[in-house]
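The values are calculated or read from the model by the stated rules, or taken from the named source; none is laboratory data. Remember, predicted model here, so these are calculated numbers, not experimental data. Neighbour counts are summed over all protein chains in view; Cβ atoms, including those assigned to glycine, are modelled from backbone coordinates with ideal geometry.
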Amino acid sequence: MVRPRSLRALVFDAYGTLFDVHSLVDLCEQIWPGKGAALSQLWRAKQLEYTWQRSLMQRYEDFARITEAGLRYACAALGLQLDEERCRALMGAYLKLSTFPEVRGALAALKASKLKLAILSNGSAAMLRPLVVNAGLRSLMGIVISVDQKKIYKPAPAVYRLATQRLRVPKTAIGFVSSNCWDACGGEVLRLSHLLGSPSAFAPSGSTAAAHP
């Protein structure tokens, strides 16, 4: 895909777009053989469900607590024993999620093209900082924006306004990249240029990539 010439900045979702939330499957499988994939899928589904419920009820809790609550629900639903040691190991692994294979190269190419790059995420700053550092993306992604500033989760419009405020770029010149369709639709409501896909789809090389599942 060729990026629009009007773009001056690209803002990326973190979880599911840059970082593979299901890279935890192997660890889950080590702890509970035969249950890793099912646990990862249910954990993610419940994590997202909790963010939407909290936003609707206007009862915000930070993403770490939401993520742990989703883990505890998923384990209980699947009949898996979750002690504190296992919980700490899995929550710690969430700070070291793998990036998708194309991410580093695509971000490097985009940065070289002089676009401003940023992350806009449901994650709290305490989760996002080590995540970006552990993935080796700190030099490529200088601006990391958390919903924690607004105390509400995507796809609330207030979240996407944070991008224009931090980047100081007109919203019509900002592209929002997410592999989550509900997230991309949230950006569209604010008239950000919503771009459904992965980072490599917008790199100067013109390579394309499908949205991550």
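Please work out if GLY70 is part of a loop (DSSP other than H, G, I, E, B) and either of a type outside the set (Val, Ile, Thr) or on the phi > 0 side of the Ramachandran plot (or both). In short, no. Of the residues screened, GLY197 is one that is modelled with pLDDT under 80, under 22 Å from SER23 (Cα atoms) and either among the acidic types (Asp, Glu) or surrounded by 18 or more Cβ atoms within 10 Å (Cβ to Cβ) (or both).
Only a single item in (1) in contact (Cβ under 8 Å) with a residue 12 or more places away in the chain; (2) within 23 Å of ILE174 (Cβ to Cβ) is not met by LYS114, and it is number (1). Within region 130-140, restricting attention to residues that are among the aliphatic types (A, V, I, L, M) and free of Cβ contacts under 8 Å to residues at least 40 places away in the same chain, the residue that is farthest from ARG168 (Cα to Cα) is VAL133. Only one of the listed residues (ASP148, ASP183) is buried (at least 17 other Cβ atoms within 10 Å of the Cβ), part of a helix (DSSP H, G or I), at pLDDT 95 or above and acidic (Asp, Glu). That residue is ASP148. Here ASP13 passes the criteria (1) crowded, with 19+ Cβ neighbours inside 10 Å; (2) more than 19 Å from SER178 (Cα to Cα) except the one numbered (2). Across region 75-112, the qualifying residues are those that are outside any helix (DSSP H, G or I) and surrounded by 15 or more Cβ atoms within 10 Å (Cβ to Cβ), and the one among them that is modelled with the lowest pLDDT is GLU102. In region 15-29, the residues that are of a type outside the set (A, V, I, L, M, F, W, C) form Cβ pairs under 7 Å with partners that are in a helix (DSSP H, G or I), at six or more places apart or across chains, as follows: TYR15/VAL21; HIS22/SER40; ASP26/GLY36; GLU29/GLY36.
Of all positions in region 58-66, at least one carries a residue that is of a type in the set (A, V, I, L, M, F, W, C), surrounded by 14 or more Cβ atoms within 10 Å (Cβ to Cβ), under 18 Å from the mean Cα position of the chain (by Cα) and farther than 16 Å from LYS154 by Cβ. Just one of the listed residues (GLN41, GLN47) is surrounded by fewer than 18 Cβ atoms within 10 Å (Cβ to Cβ), touching a helix residue (DSSP H, G or I) at 6+ places or on another chain (Cβ under 8 Å) and not assigned by TED's automatic domain parsing to the domain that holds GLY123, namely GLN41. May I ask you to verify whether GLU61 is under 26 Å from VAL147 (Cα atoms) and either in contact with a His (Cβ under 7 Å, 6 or more places away or on another chain) or in the same structural domain as PRO157 (by TED's automatic domain parsing) (or both)? When the stated conditions are applied, GLU61 does not pass them.
I'd like to know if region 23-33 contains one or more residues that are outside any loop (DSSP other than H, G, I, E, B) and touching a strand residue (DSSP E or B) at 6+ places or on another chain (Cβ under 6 Å).
Within region 23-33, not a single residue is outside any loop (DSSP other than H, G, I, E, B) and touching a strand residue (DSSP E or B) at 6+ places or on another chain (Cβ under 6 Å).
Looking only at region 74-83, decide whether some residue is closer than 30 Å to PHE176 by Cα and not assigned by TED's automatic domain parsing to the domain that holds ALA125.
no
When you go through (1) in a helix (DSSP H, G or I); (2) in contact with a Leu (Cβ under 7 Å, 6 or more places away or on another chain); (3) closer than 23 Å to ASN122 by Cα one by one for GLU49, which number turns out not to apply? Failed condition: (2).
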